[in-house]
Amino acid sequence: MAESILSARALDTLLGEWRGAGSAYQALAERVRLLILDGRIPVDTRLPAERDLAERLSLSRTTVTAAYRELREHGLVLSVRGSGSVARLPGIPATLPAPPDAEYIDFSKAAPPALPWLPDVARAALDDLPAQLADSGFDPIGTPALRAAIADRYTARGLPTTPEQIMVTIGAQHAIALLSRALVGRGDRALIEAPTYPHAYEALRAAGARLVQVSVTPAGADRHDADPFDTDILDPDPGDPGDEVEAMTRAIHHSNPVAAYLMPDFQNPTGRSMSVGTRERVLDAAARQGTVVIADETTAELDIDRAASYLPLAAYGDAVMVGSVGKTVWGGLRVGWIRADRPLIRRLLAVRSPGDLGTPIIEQLIAARLLERMDDILDLRREQLRTGRARLEGLLAEAFPDWRVPHVDGGIVTWVGLGAPVSSQLALAARAQGLIIAAGPRFGIDGAFERFLRLPFCYPAETTDAAVQALARAWGSLSRTPVPEQSLLTSVV
């Protein structure tokens, strides 16, 4: 049975400007295909009835029927008489990457390659294992050594922390999902930035939240510029946009959300960082309304050349902190954490037990050793990111002189303005050229951000070069892009 039903009106919104120069049924099938592949239409969602969708889109029913047939042939829709058409995947689960033998460059994942000395640290961490073997190995809160190391890291950054305020999780996404389940009840409002990290708002939605969006000014952009960069920026009150902090504090006051998910440093995908004044005002507004602020710090320490220096968000007021080693060390080391007050840690323990029984011990031992060398790790990453940023900016300027490429001062991605609402079309065209990219609407809800594209600058030079070359071929072939026979699904990170 389908888990959710997508109305014709909702699908129309997600489709955006989908019509092209070719046949209508193929263009419609291609756009629905992309929506399923990048997760905007979740698997097991029932699609609108053919008649309803035809009426909504002002198409003949024959056209919609042909589009659905095309999707069925590619394994993306399962149609059962009496039950409608349900979104499916073509034989691979959402969490699997491209097959090793596939000639695809996956540029949808914003994560650097593994730390070069990670194997040595992993081997050394095995020496710490015997001391753990007398216990059961099920660890829902974290080993004392790792919790102490995480607390010491916060303290060194200007936020005094004790190990009792730390819970170790299976990565940052696991932490966000736990917090969503602990803080949000069905029908509660939760505030998110727009655009934002897709899996965060998915976790909040899965917990039953009604999402309230507040626009984020991209790094290097003026919110009041009269250019295409403004087109997809959302604001709670379109008649009085104000600046970002005004919009955010106003949204907290009027919508009274139970939680707010924010990325104060090098926001994913825009790269912007909150000023000290913004941090203080937002936290003050949240405290007045009883809103729990969840601060995602997975990229917070990846400062390349930011002029200002900031403390962790909880140093400016009440906030729950989320971190991980996924962006600094390696995504394959699934260790994250939550910093919160002790009562919330106890609530999280109760929420966690039905879903998992703890973070793997060996990975915690590795992470504890790595945190001792975090300054060296960050020095290496900053130099890599500085080089990668310069290379990507140069390549994009040469290949796409009309695109707007912000110069971000940290993080691992840049939020590129395309100048036209073609991001989803470009993502489809890129697949035909062997490149997987995440379309701009993947980072919003309701089909926004078609004018934008998130591109990472954390990959090796040869990968970046090949990706931009493929992107250039895709950009030049938008009007005649064929749909690849074998599509791949990746999870945005």
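The values are calculated or read from the model by the stated rules, or taken from the named source; none is laboratory data. Not measured: the values here are computed from a predicted model. As a convention, Cβ positions derive from the backbone with ideal geometry for all residues, glycine included, and neighbour counts pool all protein chains shown. SASA here: full protein model, heavy atoms, side chains in, ligands and nucleic acids out. Shrake-Rupley method; radii C 1.70, N 1.55, O 1.52, S 1.80 Å.
Counting Lys +1, Arg +1, Asp -1, Glu -1, what net charge surrounds residue 255 among other residues with beta carbon under 10 Å of its beta carbon?
That works out to +3.
Hey, what do the phi angles of the range 186-202 turn into as Karplus ³J(HN,Hα) couplings, whole Hz, using 6.51/-1.76/1.60 and θ = phi - 60°, x for Gly and Pro?
4, x, 5, 8, 9, 8, 10, 7, 9, x, 7, 6, x, 5, 6, 5, 5
In nm, to one decimal, how far is the modelled label at residue 473 from the one at residue 351, with both set 7 Å along Cα→Cβ?
Reported label-point gap for residue 473 and residue 351 is 4.6 nm.
Taking the Cβ of residue 400 as the centre, find all other residues whose Cβ is under 13 Å away and add up their charges (Lys, Arg: +1; Asp, Glu: -1).
Value of the local net charge: -1.
Per residue, how large is the accessible surface of the chain? Use a 1.4 angstrom probe and give square angstrom.
Value returned for the chain: 41 Å² of accessible area per residue.
May I ask you to give the average projected area over all directions of the convex hull of the Cα atoms of the range 369-472, in nm² rounded to one decimal? Spell out each step's value before the answer.
Working: hull surface 30.5 nm².
For the range 369-472, the mean projected area of the Cα convex hull comes to 7.6 nm².
Determine the share of the range 1-90's accessible area contributed by carbon and sulfur atoms, expressed in whole percent, with a 1.4 angstrom probe.
Within the range 1-90, the accessible surface is 47 percent carbon and sulfur.
Using a probe of 1.4 angstrom, how much of the accessible area of the range 116-225 is carbon and sulfur, in percent?
Summing carbon and sulfur atoms, their accessible area is 56 percent of the total for the range 116-225.
For residue 366, what charge total do you get from the other residues with a beta carbon under 10 Å from its beta carbon, if Lys and Arg give +1 and Asp and Glu give -1?
Summing Lys and Arg as +1 and Asp and Glu as -1 gives 0.
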